[in-house]
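See below for the structure under consideration.
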Amino acid sequence: MAGPSGCAVGTKSCAGACVDTTAPATGCGAASCTPCDLAHASAACDVAGACSVGHCASGWGDCDGKGSNGCEVDLTTSTAHCGACGVACGTTEACIGGQCQDAAQAATAAWLGKQQGGFCLTEPGSLVNVCTEGSDADGWFCIDDNWMHVYAGGIAVDVGIDWDGKDTQGNLLDMGGDCGLHRATLRLTPSDGGAVQLTASGPGAATVTASIAPGRHLFSWRVTASASALWVDGVKVGVSVGSG
C-alpha cells in the first residue's frame, strides 16, 4: 500500500527515493528529510517517528528525558547530576570529573592546575631573588607582589608546590622579618612517626604544623605581629598565637 508520496507505508520520499521512517539520517518520520541532529548524542527514532537519543556521548546525560534536546547535562560538572542523572552533590561540594568533592579543595586544585606564571624552583636549595634595591620604603625588607599580599596589620603568602616526595626536609619559604614583626617561614620536617610535616612559623613562637603527602599543594600563611593561621589546599588547619 502506498502513502501520499507514492512510497509504501513506513517510508517517505527524500531526494526522489523512498526511505525508511526509522532512519535518523533522513529525520525519522518528520515531514522533512533533515537529518536528526541532537546535542552530545547519537540519534535514534522513537515509536512516534520523532528524533530521539540513541546513546549519549561520554560524560553527558539525557536527564530531562526529552529526546529533542539530546543529552543536555554535563555529568562531569553538574552538581545536580554528578556522574549520573539524579546524583546530587552536597551543599559544600563541587562536581569535578563526575565525582562530588569538597568545593574548597576542588577550587584549590583547579587553581593550581591553571598556574603558568609566578616563580618556579626546580633545584633543591636554590633561591629566587624577589627583592630589588629601593623597592621598599625601608630599603631592606621587600618581597614581590606575586608572593605576598599586605593587609591591615600583617601579610599573607600563598605558595603552591608540586612535591615529588624525595626531599623531605628544608625551607619552602623564609621571609625573614621586619620592624613590624612580620615574618613567615614554611618548612618541611620529617616527624618521628615517619610522616612529613609542614611547619609554618610566624612571629615569636607562633607555629602551625600539618602532615602532607607528595603531590600538588597550595599553602596560605597569614601573619600578624601576634598570631598566624595556615590553610592547606583551601582547608584551615590551625591558628597559633605568639609575639616577637
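The values are calculated or read from the model by the stated rules, or taken from the named source; none is laboratory data. Here the structure is a predicted model, which means the values were calculated and not measured. Ligands, DNA and RNA are excluded from the accessible area calculation, which covers all protein heavy atoms including side chains. Shrake-Rupley method; radii C 1.70, N 1.55, O 1.52, S 1.80 Å.
Laid out as a table, the results:
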read-out: Residues of region 36-52 satisfying the condition of being in a loop (DSSP other than H, G, I, E, B) and within 24 Å of THR11 (Cα to Cα); value: CYS36, ASP37, LEU38, ASP46, VAL47, ALA48, GLY49, ALA50
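Yes/no per residue for (1) open to solvent by less than 60 Å² (accessible area, probe 1.4 Å); (2) assigned to a loop (DSSP other than H, G, I, E, B):
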| site | (1), (2) |
| --- | --- |
| LYS12 | yes, no |
| CYS18 | no, no |
| ALA30 | yes, yes |
| GLY54 | yes, no |
| ALA94 | yes, no |
